[in-house]
1. Taking K and R as +1 and D and E as -1, what net charge do the other residues with C-beta under 14 Å from the C-beta of VAL23 add up to?
2. To the nearest 0.05, what FRET efficiency results for ILE6 and VAL53 with a Förster distance of 30 Å applied to their C-beta separation?
3. Check VAL23: other-chain or 5+ apart residues with amide H under 5 Å from its amide H, H built from backbone geometry?
4. What do you get for trypsin sites (Lys or Arg not before Pro) in the chain restricted to DSSP loop and a cutoff of at most 11 other Cβ within 10 Å of the site's Cβ?
5. Pop out the ³J(HN,Hα) list for segment 27-33 in order, Karplus 6.51 cos²θ - 1.76 cosθ + 1.60 with θ = phi - 60°, rounded to Hz; leave Gly and Pro as x.
Amino acid sequence: MKTDAILNTHSAKRTKCVVYTRVMGYHRPVESFNIGKKQEHKDRIHFCEDKKVS
């Protein structure tokens, strides 16, 4: 099933998700950021550590 079809069939169950990020020692919702800060948040690269193999 394609993503669009899944979203359309379950559209009544969907709710808005608020994403928070840590700014200057406290958490703020990303939706309250200005345009430049929103883009900066979108451009972030998340660190993912590989599992150590023994």
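1. Around VAL23, the charge tally is +3.
2. Working: r = 36 Å, r/R0 = 1.20.
Here the calculated transfer efficiency is 0.25.
3. Amide H to amide H, under 5 Å and 5 or more residues apart or across chains, VAL23 pairs with ARG28.
4. Here the sparse-neighbourhood loop sites are LYS2, ARG14, LYS16, ARG44, LYS51, LYS52.
5. So the J values, rounded to whole Hz, are 9, 10, x, 5, 5, 8, 6.
FYI, it's all coordinate maths here, none of it is from the lab. The structure presented is a predicted model; accordingly, all values stated were derived computationally and were not measured. Note that we place each Cβ from the backbone using ideal geometry, even for glycine, and neighbour counts take in every protein chain shown.
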